[in-house]
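Q: Let me give you the structure first, and then I'll get to my questions.
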Amino acid sequence: MDSPVTIDRSEILKRYKPIVSNTHKGLQGHALIIGGSYGKIGAICLSSKAALKTGCGLVTAFVPQCGYEIVQIANPEVMVMTDDHEKYLSDIHFDLEPNAIGIGTGIGQKMPTQKAFHDFLSNTSIPLVIDADALNILAQNPSWIALVSPRTILTPHPKELERLIGKWNSKEDKFQKAIVFSLLNQVIIVMKGAPTYIIDGETIYLNTTGNAALATAGSGDVLTGMITSLLAQSYKPCDAAILGVYLHGLTADIALPETGHQSFIASDSIAHIGKAYLSLEK
């Protein structure tokens, strides 16, 4: 295993593209965030708001019917489309052409949802981020990995990663298994943790931002929204993953003096995305 590439400010500045002064929302990308189920619509609220705050021109959320009013009220800037089912996703269909899609936050693992996810994977080639229960559905149906488009970004936490690649007996073993999985399936793996690593085939990136404040509910939902937003803004998949993880960690570093570790919540991460960007402009 080669030593990882350290992701620090200078590495980020090689990849970061400042906004052009004469741009408009139609040029800033359209992200579609798919997920949510009864009791877990908050995940979509966090993801879709994070996508907007990370610079996407347009964001649409696709949720079960029970999420319609919640998302409209929580995030007035986000457009909302609904499934036919009240409490969970049963048929993922939309008549728009987003530049990137994030799927899985709060989605649950009901059988109709699993089938809807299978059919969705079979019919999309749009740049994709797969997170949360969508990863668990993939782990339960390993043959479906073949349906995942090349250069898709997976964002597992340690338990989700284990379900995907199998148990490991050392750190070295974990990385070897992740590299093999990435190469075989042509996917980018964001190995969430302290620290977070990004695996792109045999290349490993080590993120340098973030702290224990990020160990809080909804933190991953925010990250998914941020990475999907960057993908929609036409960053290459690996660069979107690297920049998203770096900015996400930076929000917690910037907020920490105000919030401390205990009081930081995922919404604080979203609130500090602007300051994280500003630190790149300095």
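The values are calculated or read from the model by the stated rules, or taken from the named source; none is laboratory data. A quick note: this is a predicted structure, and the numbers were derived from the prediction, not measured. Neighbour counts are summed over all protein chains in view; Cβ atoms, including those assigned to glycine, are modelled from backbone coordinates with ideal geometry.
Q: Whether any residue in segment 23-37 is assigned to a helix (DSSP H, G or I), at pLDDT 95 or above and not small (Gly, Ala, Ser) is what I want to check. Outline the logic, then answer.
A: Kept after step one, since they are assigned to a helix (DSSP H, G or I), are these residues of segment 23-37: 25-27.
Of the ones still in play, those that are also at pLDDT 95 or above are none.
No, segment 23-37 has no match at all.
Q: For segment 211-220, indicate whether the set of residues that are of a type in the set (Val, Ile, Thr) and surrounded by 24 or more Cβ atoms within 10 Å (Cβ to Cβ) is non-empty.
A: Just the residues of segment 211-220 that are of a type in the set (Val, Ile, Thr), to begin with: 216.
Within this subset, residues satisfying the condition of being surrounded by 24 or more Cβ atoms within 10 Å (Cβ to Cβ) are none.
Taking every residue of segment 211-220 in turn, none turns out to be of a type in the set (Val, Ile, Thr) and surrounded by 24 or more Cβ atoms within 10 Å (Cβ to Cβ).
Q: While we're on this one: Do you know which residues across segment 212-225 are in contact (Cβ under 8 Å) with a residue 40 or more places away in the chain and under 17 Å from Gly193 (Cα atoms)?
A: From segment 212-225, those in contact (Cβ under 8 Å) with a residue 40 or more places away in the chain are 212-214, 216-225; that's our starting set.
Once the filter is applied, which keeps residues that are in contact (Cβ under 8 Å) with a residue 40 or more places away in the chain and under 17 Å from Gly193 (Cα atoms), segment 212-225 yields Ala212, Ala213, Leu214, Thr216, Ala217, Gly218, Ser219, Gly220, Asp221, Val222, Leu223, Thr224.
Q: What are the pairs with Cβ atoms under 7 angstrom where one residue, in segment 133-151, is surrounded by 16 or more Cβ atoms within 10 Å (Cβ to Cβ) and the other, located anywhere, is charged (D, E, K, R)? Sequence gap at least six, or different chains.
A: Between residues of segment 133-151 that are surrounded by 16 or more Cβ atoms within 10 Å (Cβ to Cβ) and residues that are charged (D, E, K, R), the close pairs are Leu135/Glu160; Asn136/Glu160; Asn136/Arg163; Ala139/Arg163.
Q: Still on this model: Quick one: is Gly108 in contact with a Phe, Trp or Tyr (Cβ under 9 Å, 6 or more places away or on another chain), at positive phi and not in a helix (DSSP H, G or I)?
A: Numbers: in contact with a Phe, Trp or Tyr (Cβ under 9 Å, 6 or more places away or on another chain): yes; at positive phi: yes; not in a helix (DSSP H, G or I): yes.
Against the criterion (in contact with a Phe, Trp or Tyr (Cβ under 9 Å, 6 or more places away or on another chain), at positive phi and not in a helix (DSSP H, G or I)), Gly108 qualifies.
Q: Would you point out the residue of segment 221-245, among those that are closer than 15 Å to Ile188 by Cβ and of a type in the set (Ser, Thr, Tyr), that is surrounded by the most Cβ atoms within 10 Å (Cβ to Cβ)?
A: Applying the first criterion (closer than 15 Å to Ile188 by Cβ) to segment 221-245 yields 223-224, 226-228, 230-231, 235-245.
Subset that is of a type in the set (Ser, Thr, Tyr): 224, 228, 235.
Values: Thr224: 32, Thr228: 37, Tyr235: 22.
Checked segment 221-245; the qualifying residue surrounded by the most Cβ atoms within 10 Å (Cβ to Cβ) is Thr228.
Q: Restricting attention to segment 171-178, does a residue exist that is modelled with pLDDT of 95 or more, more than 30 Å from His272 (Cα to Cα), in contact with a strand residue (DSSP E or B) (Cβ under 6 Å, 6 or more places away or on another chain) and of a type outside the set (S, T, N, Q)? Working first, answer last.
A: Restricting attention to segment 171-178, the residues satisfying the condition of being modelled with pLDDT of 95 or more are 171-178.
Now restrict to residues that are more than 30 Å from His272 (Cα to Cα): 171-178.
Filter once more, so that each one left must be in contact with a strand residue (DSSP E or B) (Cβ under 6 Å, 6 or more places away or on another chain): 178.
Filter once more, so that each one left must be of a type outside the set (S, T, N, Q): 178.
Yes.
Q: Another question, then. Do you know which residues across segment 125-141 are under 17 Å from Ile227 (Cβ atoms) and not in a helix (DSSP H, G or I)?
A: Ile126, Pro127, Leu128, Val129, Ile130, Asp131
Q: Are any residues in segment 1-48 touching a residue at least 40 places away in the same chain (Cβ under 8 Å), closer than 16 Å to Pro98 by Cα and surrounded by fewer than 23 Cβ atoms within 10 Å (Cβ to Cβ), and if so, which ones?
A: Hits for segment 1-48 are Gln28, His30.
Q: If the requirement is being outside any helix (DSSP H, G or I), crowded, with 16+ Cβ neighbours inside 10 Å and in contact (Cβ under 8 Å) with a residue 12 or more places away in the chain, which of these qualifies: Tyr277, Tyr205? Step through it out loud before you land on a result.
A: Details: Tyr277 fails: outside any helix (DSSP H, G or I).
Exactly one of Tyr277, Tyr205 is outside any helix (DSSP H, G or I), crowded, with 16+ Cβ neighbours inside 10 Å and in contact (Cβ under 8 Å) with a residue 12 or more places away in the chain, namely Tyr205.
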